[in-house]
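The values are calculated or read from the model by the stated rules, or taken from the named source; none is laboratory data. Quantities reported herein were computed from a predicted structural model and do not represent experimental measurements. All Cβ positions, glycine included, derive from the backbone under ideal geometry; neighbour counts span all protein chains shown.
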Amino acid sequence: MKLQAQYNKISIASTILVLLIAGAGYYFLLQYVLKEQLDGTLRVEQVEIQDFIQTKHALPPATTYKDQRIEFKKTDMALPQNFRTLMLYDPDEKENELSRQLDFTVEVNGQYYIASVTKSQEATEEIIGVILLITLGLIILLSMFLFFANRFLVKRLWRPFQTTLSSIKSFDLNAPSAIKTEKTTIHEFNELNENISMMTERVVKDYLSLKQFIDHASHEMQTPLAVVNSKLDILIQDPALNEKNLQDLQVIYDAVDKMSKLSQSLLLLARIENNQFSEKQEVNIYIIAKNIMQELDEWISERSLTVSNKINDLKVNMNPQLANTLITNLIINAIKHSNKQENILLQSDKNIFTISNPGTQALDKDRIFDRFWKSEYSDGTGLGLAIAKQICDHYGFLLQYEFSQGTHHFSILF
């Protein structure tokens, strides 16, 4: 849920809750005040009746007019006064109505009487109902006002943030440009924009510095390795060398070749991590696999392997160089870890590419894609599958390994 929607939800809900609680409290307070006022009116009538008896030594006449009724009944003893609320039938309106009644005892010539003064509460209840409706209407109007105010005014307040966020989303290190910000009077947004601008400047500077280092390192590392390889080629052809010298030179030659591949792999990983392969186009996995097998045909034949290419017309949108590296590393891994006269199967299903080769035991699924990890039977650099995993992670592909029925399965879900 967006921050604005969350704020609107909390703000409106809390406001309505507070207003409802306040409305309920206001209702009961108003009801209490009006009841006290009505009781006060009944007490005034009580005083007038008592004054009349004291002056005239007789009961005033029982009366019924408008919303008030006065009645007298004989009793044997004096009773305490009592206020009560009851429903009485109104012959004029022909319906029961809510009333408030005061009962008290009076004495006339030694005889006790219960005097009952009753007043209708309908007017009071109508006032309370009108006030309650007005309060409810105000709650609804205020809630609507808050909703639209939060929807439009708060949205306008957050517009500078949305502008900055949109600019951050479109920021590309391969084509860096200044983060677009909107002038605002809000201090927090201005501070955010300043810090984001400073951060992007540092990121771009570090990225360009790292990119330059990788390019220079690639050139500087390959040059001396090429010189060593060249000198080793010349030395190996020297007829004066004996068998022992040739074996030593071959060991050095293999070590230099491994170092060259290792440096190339590490630099490739660094370039992938720094997003230096931004170019994308549609590539056909079937054609890439077919070309790779043609390039490796001599090696495949030397190991008496059979490679079956049963890939359908599987097309993926990615960098062509990385696509070639991804499929090459998986095929080379399968060739390296297959015994002679075994079969390697390449196949696809919808957007899944799978390469399978026979094996004797499962590999460690938790470490197989770690850098420099390799099985005890491998003589590689331990970076081939790590590079394949890095490429898949770069594009959001899923690279998985499974071992079943004596076969290794590497699958890519594009």
Checklist line | Selection within the stretch 293-344 - among the hydrophobic types (A, V, I, L, M, F, W, C) and part of a loop (DSSP other than H, G, I, E, B) | finding: Leu296, Leu305, Ile311, Leu314
Next item on the list: Within the stretch 68-77, identify whether any single residue is surrounded by 11 or more Cβ atoms within 10 Å (Cβ to Cβ) and not in a strand (DSSP E or B), and answer yes or no.
Entry: no
Note to self: Show the residue pairs meeting these rules: Cβ distance below 7 Å; 6+ apart or different chains; first residue within the stretch 96-109 and within 20 Å of Leu34 (Cα to Cα); second residue hydrophobic (A, V, I, L, M, F, W, C) and outside any strand (DSSP E or B).
What the structure shows: Arg100/Leu38; Arg100/Leu42; Leu102/Leu42
Check: Which numbered condition trips up Tyr113, out of (1) part of a strand (DSSP E or B); (2) within 30 Å of Ile12 (Cα to Cα)?
Finding: (2)
Note to self: Every residue in the stretch 376-401 that is at pLDDT below 80 and either assigned to a strand (DSSP E or B) or charged (D, E, K, R) (or both), please.
What the structure shows: Glu376, Asp379
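Here's the yes/no breakdown for (1) in contact with a helix residue (DSSP H, G or I) (Cβ under 6 Å, 6 or more places away or on another chain); (2) within 23 Å of Ile368 (Cβ to Cβ); (3) among the hydroxyl-bearing types (Ser, Thr, Tyr):
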| residue | (1), (2), (3) |
| --- | --- |
| Ile292 | yes, yes, no |
| Ser301 | no, no, yes |
| Asn312 | no, no, no |
| Gln321 | no, no, no |
| Leu326 | yes, yes, no |
| Asn329 | yes, yes, no |
| Ile335 | no, yes, no |
| Gln341 | no, no, no |
Checklist line | Odd one out for Thr185 among (1) in a helix (DSSP H, G or I); (2) without any contact (Cβ under 8 Å) to a residue 40 or more places away in the chain | finding: (1)
Checklist line | Ser143 surrounded by 13 or more Cβ atoms within 10 Å (Cβ to Cβ), modelled with pLDDT under 80 and more than 30 Å from Gln101 (Cα to Cα) | finding: yes
Checklist line | Residue satisfying condition, being assigned by TED's automatic domain parsing to the domain that holds Ile127 and modelled with pLDDT under 85, within set Leu59, Leu98 | finding: Leu98
Next item on the list: Please work out which residue is modelled with the highest pLDDT, limiting yourself to the stretch 160-181 and to residues that are charged (D, E, K, R) and surrounded by fewer than 13 Cβ atoms within 10 Å (Cβ to Cβ).
Entry: Lys169
Notebook entry, point to check: What pairs come up if the first residue lies in the stretch 357-369 and is over 14 Å from Ala386 (Cβ atoms) and touching a residue at least 40 places away in the same chain (Cβ under 8 Å), the second is of a type outside the set (S, T, N, Q) and crowded, with 16+ Cβ neighbours inside 10 Å, and their beta carbons are under 7 Å apart, counting only those six or more places apart or on different chains?
Noted result: Asn357/Ala334; Asn357/His337; Asn357/Glu342; Asn357/Ile344; Asn357/His408; Pro358/Glu342; Gly359/His337; Gly359/His408
Checklist line | From the options Tyr65, Tyr26, residue that is over 38 Å from the mean Cα position of the chain (by Cα), modelled with pLDDT under 85 and exposed (fewer than 10 other Cβ atoms within 10 Å of the Cβ) | finding: Tyr65
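Could we say that Glu282 is of a type outside the set (Phe, Trp, Tyr), modelled with pLDDT of 80 or more, out of contact with any helix residue (DSSP H, G or I) (no Cβ under 9 Å at 6 or more places or on another chain) and not in a helix (DSSP H, G or I) here?
Considered against the rule, which asks whether it is of a type outside the set (Phe, Trp, Tyr), modelled with pLDDT of 80 or more, out of contact with any helix residue (DSSP H, G or I) (no Cβ under 9 Å at 6 or more places or on another chain) and not in a helix (DSSP H, G or I), Glu282 comes out as yes.
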